[in-house]
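The block underneath contains the structure these notes are about, expressed in C-alpha cells.
Nothing in this text is a laboratory measurement; each read-out follows from the coordinates by a stated rule. Predicted model only: the values in this text are computed from it and were never measured. Cβ coordinates were reconstructed from backbone atoms using ideal geometry, including for glycine residues, and neighbour counts include every protein chain displayed.
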Amino acid sequence: MNERARWGRLLAIAALLLALGISARGLRPVRDADTFAAVCELNPPREAAGLERCLALQPRDIEIMLDLGALYEANAAFERAEALYRRALAVDTKDSDVHVRLGHLLLRRGDRAAAAEEARSALMYHPRSARASDLLSHAAHGAAR
C-alpha cells in the first residue's frame, strides 16, 4: 500500500468518525437546562430570578453567588445577601473578596467586630488588599461605607 492510499483511508475513517459523532450528538435532545446553563456561563442574567436559576444549576459557583448577593444588597435584602456570602465562604474559605463583601455588609448592619474579623480574614489570604485594609479601618472607627 502506498503512502497516498494510506492517507486516503485515514481521511475516510476520520470523516466517518466525524459523521458518526455529529449524528449521535444530533440524537441527544437539547434540554432547556442545558441551554440555560450555557447562558449562565457565557452571559449571566442580571436579574435575581435568572441568577437564582443559574445558582440552582451551578450551586458551587461563587461568581453567581456574588452577583446575586450584590443584587440582594441593592434591594435591601441583607439577610439573603449575608446567607449567600456565607455559602460562598463554605465553598472557598480563602476568597478574600467574599470576606470583604461580607464584612461591608456586617459593618452596614452595625456589627463592627464581625466586620473587622472578616477584614482580618481577607488580609490573611490577600495581605495587600486595599479593600480589606479599608474595611478594617472603617470597622475600627465605626464608619460604614
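A few points about this structure:
- Across the stretch 98-135, the qualifying residues are those that are surrounded by fewer than 17 Cβ atoms within 10 Å (Cβ to Cβ) and either under 21 Å from residue 61 (Cα atoms) or among the acidic types (Asp, Glu) (or both), and the one among them that is farthest from the chain's Cα centre (by Cα) is 111.
- Lone qualifier among 51, 89, 55 - being of a type outside the set (Lys, Arg) and in contact with an Asp or Glu (Cβ under 6 Å, 6 or more places away or on another chain): 51
- Where helices (runs of 4 or more DSSP H) fall entirely within the stretch 40-145, those with at least 3 residues that are of a type in the set (Gly, Ala, Ser) are at 48-57, 62-74, 78-91, 112-125, 130-141.
- Residue that is nearest to the chain's Cα centre (by Cα) [pool: residues in the stretch 80-96 that are acidic (Asp, Glu) and surrounded by 17 or more Cβ atoms within 10 Å (Cβ to Cβ)]: 95
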